Structure formats: structure tokens, C-alpha cells
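The values are calculated or read from the model by the stated rules, or taken from the named source; none is laboratory data. Treat the numbers as computed from the prediction; the structure is a model and nothing was measured. Positions of Cβ are backbone-derived with ideal geometry, glycine not excepted, and every protein chain shown enters the neighbour counts. Please note that ligands, DNA and RNA were not included when accessible areas were found on the heavy atoms of the full protein model with its side chains. Shrake-Rupley method; radii C 1.70, N 1.55, O 1.52, S 1.80 Å.
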Amino acid sequence: MLIDTYGRVATDLRVSLTDRCNLRCTYCMPEEGLQWLAKPDLLSDEEIVRLVRVAVTSLGITEVRFTGGEPLLRPGLVSVVGQCAALEPRPRMSLTTNGIGLKRTAAALKAAGLDRVNVSLDTLRPDVFKTLTRRDRHKDVLDGLLAARDAGLTPVKVNSVLMRGLNDDEAPELLAWAVDHGYELRFIEQMPLDAQHGWKRDGMITAGDILASLSTRFTLTPQGEEARGSAPAERWTVDGGPHGVGVIASVTRPFCGACDRTRLTADGQVRTCLFAREETDLRGALRSGAPDEEIARIWKLAMWGKKAGSGLDDPAFLQPDRPMSAIGG
Ligand code: SAM
Ligand code: SF4
């Protein structure tokens, strides 16, 4: 098991497949992009599958989420999903994506064994999308969402980040749209993980702001801690049900005590937390011929050192060196 000194057990693995992306969301990446990882530094498809196998067969991982960067940019994605689906025990598998290209790949991903997707979409307005992501691809995302739903990658979840002065008036509109289309909407508070270090606590839209805005149009009933389990999103039932809405309030209502996550970067580093400042190298061990037992031992040791919390409220908080896109959000 991947247990830490606070008794938390990690059963959910987030795997970043690439640090590259075809969007430039303002809260994530600078306009000019970033210095991408060099190809030889990236784990190969075989290395990724091997690490997932070790995690599933020796370390108690039951849930695998592929992310990035933009994971649909990884040429071997469908094959990686297929190979992970053949593992015993078979992990549940999902993908976090900006949705561009999903129209083309949704059916193949489903056939390979992917269970569901989280698609990020912050706005229903094409012009605001273009300002927020610096790319004119709004329709591609909407098409990708429909394709995911039609392919049975359900429940299709939609992640939205609200930015002051850009899309912070859109929460009720986004919820009405999601309910209408059968998508599960979750708002994510903006976190200090942008490469530009532009995040400001007093500039962000909080969970409280989001709930106040939604309450102008909907009656929200909290679903409670029991229904939440270790999920990062707090959930509310909308207008008596059956639909719901979630808010991931990593900044104003952190949920570190229930965290069940471990992370793997595209270059094979274990991270205990999005906000961790330390990483543990697995790629070196892999490439020097270490057996599975040794990989598992290094991974366990890394997780044993997981900190109690994100440290966001500590006045000495320092952003991790890697931005969200390179950690794997
Ligand atoms: N490119 C894919 C996507 O956008 O879904 C996967 C990677 S992206 C880093 C994963 C999630 O992180 C997205 O939902 C995105 O909106 C969110 N994200 C990125 N930067 C963020 C930030 N600074 N604060 C909060 N969420 C952020
Ligand atoms: Fe790309 Fe996702 Fe970051 Fe947007 S949030 S720039 S889609 S990695």
C-alpha cells in the first residue's frame, strides 16, 4: 500500500502523459508556451504501462487518471489505455482533457477500455474561450464533449475555472447547459500553479462566490461529507435532483486530510501532491534495470514522506517549480 505517516492511503494515480498542450489557458501557461521536456526524458509507452502495472498489482492503486499537458497529444494514448485495461486487477481509468481531438478518438478510447472523461471547458462563449485559451477552438471542445457522451465515456464531467472579469458571470449559464446535456459540472478554484506566477488570492473566484452566483438561479442542497468520500469536489444537488454540481475548493476549503492521490509526471517523477516541492525519480530506477520490487519500494518511501497539507495557507508558501501543465492536473 502507498500509506503516509498521517495514515492516508493512496489508491488513485494521476499519470501525466505529456507536458505539451495545444491551448494556452491564461491560468496555466504563458502565451509563448513553455520549454517542453525533451523526448528522451519522457517515459516511453512501455515504461508508463510498467509503472501502472507495478502501481496496480503491488501498491493498491485502483483508479488511474491520464492527464497532462494535453494527453490527447500523446500518440500512444489508445495503446497505453488498452494495455492498462488488460492489467489484473483492472484499474478504473479516466482521462482529463481539453477535449480537442476527442471527436476523433472517443470511440477508440472507449473500445480500448477507458471508462470516462473529464473535459475542461470554462465558457460557453466562443470569444471568451479565445481570450481565455488564446486559441479559437471552442467548437472542437463542444464536439469532443458530444462524442465522449455518444461513445459512452460517462459520466462526462466538465471542469470549469472562473476568472474575474472574464467568465465569472457564467456559472449559472454553465450549470444550465451541463444539466441540459447530461454533463456533470465541477468548478475548480484557481490555484497558484500557473507558470507565470500570476495567481493572487484576492483576485481569485472562491467557492463562496461560485455558490452565491449559482444560488441566484438554482436551489442547491449539500450532499454532505459521506457522499463525498475522498473526492476533491464538494457536491450539491440542483433543484431537488437528480442533477448535481461540484466545487473543488483547493484554496478556500482544502481537503488534504482525505487525499488518496499519488502522481507521476511525464518524465517519471513521483509527486505526493500538486503543491509538493520535492519529487522522487522512478525513471532512473526503471532505466537502470531495477526489478518491480525495487520500483515499488522507492514509490512507497516517497509516499511515506507526503506532507499533511498543501501549505497554501502558510505565509512561507512557495509555488512548486513545475507548473500545473508539467505536473499533470
Ligand atoms: N489539458 C488538460 C485539460 O485542460 O483538461 C489536462 C491538464 S490540465 C492542467 C487539468 C485541469 O487543471 C484542467 O481542468 C484545468 O482547467 C486545470 N487547471 C490548470 N491550471 C489551473 C490553475 N492554475 N488552477 C486551477 N485549475 C487549473
Ligand atoms: Fe493546456 Fe489544460 Fe493547461 Fe489549458 S489547462 S493550457 S488545456 S494543460
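Taken over the range 201-239, residues that are in contact (Cβ under 8 Å) with a residue 60 or more places away in the chain and of a type in the set (A, V, I, L, M) amount to 1.
Look at the range 179-200: where a residue is more than 19 Å from T133 (Cα to Cα) and of a type outside the set (A, V, I, L, M) and a partner is open to solvent by less than 30 Å² (accessible area, probe 1.4 Å) and more than 14 Å from ligand 2 (Cβ to nearest atom), sitting 6+ places away or on another chain with Cβ atoms under 6 Å, you get Y183/V156. So is A108 closer than 18 Å to L153 by Cα, away from ligand 1 (no atom under 16 Å from the Cβ) and over 15 Å from the mean Cα position of the chain (by Cα) or not? Considered against the rule, which asks whether it is closer than 18 Å to L153 by Cα, away from ligand 1 (no atom under 16 Å from the Cβ) and over 15 Å from the mean Cα position of the chain (by Cα), A108 comes out as yes.
Just to check your reading of the model, which residue among D19, D12 is closer than 27 Å to S288 by Cα, in contact with a strand residue (DSSP E or B) (Cβ under 8 Å, 6 or more places away or on another chain) and open to solvent by less than 30 Å² (accessible area, probe 1.4 Å)? First the steps, then the outcome.
On the way: D19 fails: in contact with a strand residue (DSSP E or B) (Cβ under 8 Å, 6 or more places away or on another chain).
Answer to the check: D12.
Restricting the range 176-195 to residues that are open to solvent by 30 Å² or more (accessible area, probe 1.4 Å) and of a type in the set (D, E) leaves a set whose member that is nearest to ligand 1 (Cβ to nearest atom) is E184. Considering (1) more than 13 Å from ligand 2 (Cβ to nearest atom); (2) hydrophobic (A, V, I, L, M, F, W, C); (3) in contact (Cβ under 8 Å) with a residue 40 or more places away in the chain, the lone condition that I100 does not fulfil carries the number (1). Summed over the range 47-75, the residues that are open to solvent by 30 Å² or more (accessible area, probe 1.4 Å) and assigned to a strand (DSSP E or B) give a count of 1.
Got at least one residue in the range 249-261 being more than 20 Å from R8 (Cα to Cα) and over 16 Å from the mean Cα position of the chain (by Cα)? Looking for residues that are more than 20 Å from R8 (Cα to Cα) and over 16 Å from the mean Cα position of the chain (by Cα), one finds at least one in the range 249-261, hence yes.
Is it true that G257 is small (G, A, S) and not in a strand (DSSP E or B)? It would help to see each step written out before you state the result.
Numbers: small (G, A, S): yes; not in a strand (DSSP E or B): yes.
Yes; evaluated as a whole, the condition is true for this residue.
Kindly establish whether K139 is within 14 Å of ligand 2 (Cβ to nearest atom), of a type outside the set (V, I, T) and open to solvent by 50 Å² or more (accessible area, probe 1.4 Å). No. Report yes if D122 is under 18 Å from the mean Cα position of the chain (by Cα) and in a loop (DSSP other than H, G, I, E, B), otherwise no. Against the criterion (under 18 Å from the mean Cα position of the chain (by Cα) and in a loop (DSSP other than H, G, I, E, B)), D122 qualifies.
The set of residues in the range 296-327 being modelled with pLDDT of 95 or more and under 24 Å from P71 (Cα atoms) consists of W299 alone. In the range 243-263, the residues that are within 13 Å of K307 (Cα to Cα) form Cβ pairs under 6 Å with partners that are assigned to a helix (DSSP H, G or I) and at pLDDT 95 or above, at six or more places apart or across chains, as follows: T262/M303. Within the range 53-72, if we keep just the residues that are within 17 Å of the chain's Cα centre (by Cα) and either among the β-branched types (V, I, T) or farther than 12 Å from V15 by Cβ (or both), the residue that is nearest to ligand 2 (Cβ to nearest atom) turns out to be E70.
Within the range 262-307, if we keep just the residues that are part of a helix (DSSP H, G or I) and β-branched (V, I, T), the residue that is surrounded by the fewest Cβ atoms within 10 Å (Cβ to Cβ) turns out to be I298.
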